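Each value in this text was obtained by applying a stated rule to the coordinates, not by laboratory testing. Since the model is a prediction, treat every value here as computed from it, not as a measurement. As a convention, Cβ positions derive from the backbone with ideal geometry for all residues, glycine included, and neighbour counts pool all protein chains shown.
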Amino acid sequence: MNENQSNRRSFLKASLTLSAATLVAPSATIASVPLNEDEFKIAVGPYLQTNFNNAMTILWLTNKTAAGWVEYGEQADLLNQKAYGKAELGLMKANSKLNAVTLKNLKPGTKYYYKIVSKEIKDFQPYKLTYGVTVSSAVEEFVNADVTKEEVSFLMLNDTHDRPESIPQLLGLVPDKKQDFVFFNGDIFDYQTDEKQIIEHMLQPCVDNFAKHTPFIYVRGNHETRGKFAREFPQYYMHVGHAAFTLGPVRFVILDTGEDKEDAHPVYAGIVDFDDYRIQQAEWLRTEINSKEFKKAPFRVVLMHIPPRFSGDAHGPKHCTELFEPLLNQGKVDLVLSGHTHKYMVHQPDKALNHYPLIIGGGPKTGTRTITKIKADRNKLVASMLDDSGKEVGAYTALRK
Ligand SMILES: [Fe+2]
């Protein structure tokens, strides 16, 4: 509870006592004054996530269990379509504080208006469900990207390590707000403690700055695998593991590099298995680099928290080099974007080792933080890394082979 809420509560308590004693105000009025922390409300959101392909996932959290949906349309004053959370085994997603609704079959290059709506579930009896109040957001908008577009641009943030202020500070260094997405390349947290941390250190700054209208995509770093809430953490996102998608001239491949120490290390207490997970992803990556989508794309960009080389001799980094680098070379990857080392760096391609260029973003302390801008058309991909004063500290241009 913040100070304002605390003051308001004290004031309300005082008012209630006074009113009851003096019978000045009618009791109905007193009863209808809600205590702030008891009000049903949207805790955070909406925030957008997508792998493109004419679908957009809208997520939000309420402070109490509810049923929710999204109303949307192509005109701000005519939200004539409605979508619900995915039904599983006949049950729609409900009785939860977490909401994720995917809008499908969207028109390419079209602007959509939407609002989120949640109806509190006051009492859930087997044969009688009682709803409370309904709340909704303001009408927001996003553009559904045309996957055949000529140009793609995005921003990468990494290793902010529980410093929520870094998100607006770094985003503020890029004047061009028209990005296709923002990519979080891991270690946005030190370890996972609870929902409050996820909201305050990532979701709220994202919502406040861009995520109502520009989607973000996220892959775990080694720090997101730690802590008592690490197993609940993925449900707050569309995905935090490996994935691949095409947008414009770029095929994007995301790898989840797991932990940096060996699975048997005492700090993991015998309850992790990242070796096997990385091996599975290498098999998946082999299939991906042989896919039509990967081969025919003008550019291939790989995003992974632990770099495939140049991040020391710990088990995780070495395992990444061993498993992933031969495939990145074989697949003629045009650019790899990573974090993890906390020292920003651009590694040029090397004929013997990494055939691909590698950009490593810095962080998390002031003076070491970076934001990386990437723009590609069908002929050229340009990456520019800025430090937190806005100075370019790394750049790479790839021409179509
Ligand atoms: Fe880190």
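Observations on the model:
- Mean residue ellipticity (222 nm) of the chain, computed from DSSP H runs ≥ 4 via -39,500 (n - 2.57), nearest 500: -6000 deg cm²/dmol
- Cα shape, region 297-340, gyration tensor, a/c 1.5 rule: oblate
- Largest first, the three principal axis extents of the alpha carbons in region 64-141 are 44, 27, 18 Å in whole numbers.
- Between Thr341, Gln81, Gly270, the Cα set farthest toward the positive side of the dipole of the chain (charges on each charged residue's Cβ, about the Cα centre) is that of Gln81.
- Share of Cα-Cα pairs in region 152-399 lying beyond 25 Å, as whole percent: 38 percent
- Cα centroids of region 249-298 and region 319-337: 11 Å apart.
- Computed magnitude of the charge dipole of region 152-399 (debye, nearest 20; Cβ of K, R +1, Cβ of D, E -1): 1060 debye
- Look at the dipole of the chain built from charges on Cβ: of Leu106, Gly221, Phe210, the Cα furthest out on the positive end belongs to Leu106.
- Neighbourhood net charge (12 Å Cβ-Cβ; Lys/Arg +1, Asp/Glu -1) for Ala395: +2
- Whole-angstrom gap from region 209-244 to region 148-163, using each part's C-alpha centre: 14 Å
- Quotient of C-alpha Rg and 2.2 N^0.38 Å, computed over region 198-300: 1.26
- Region 99-117-region 363-401 distance, computed between alpha-carbon centres (Å): 30 Å
- Highest to lowest packing among 312-321, 205-214, scored as the average C-beta count within 10 Å: 205-214, 312-321
- Electrostatic bookkeeping for Val152 treats Lys and Arg as +1 and Asp and Glu as -1; over the other residues with beta carbon under 9 Å from its beta carbon, the sum is -2.
- Per residue, the convex hull volume that the Cα atoms of region 75-216 enclose (Å³): 169 Å³
- Positive-pole candidate from Ala230, Val147, Ser96, dipole of the chain, charges at beta carbon: Val147
- Principal-axis tilt of helix 3-22 within the chain, Cα atoms, nearest 10 degrees: 10 degrees
- 10 Å beta-carbon shell around Gly316, net charge (K/R +1, D/E -1): -2
- Among 332-340, 388-396, the order from most to least packed when residues are scored by Cβ within 10 Å on average: 332-340, 388-396
- Listed peptides 41-51, 82-92 appear in the order 41-51, 82-92 once ranked by packing, highest mean of other Cβ atoms within 10 Å at the front.
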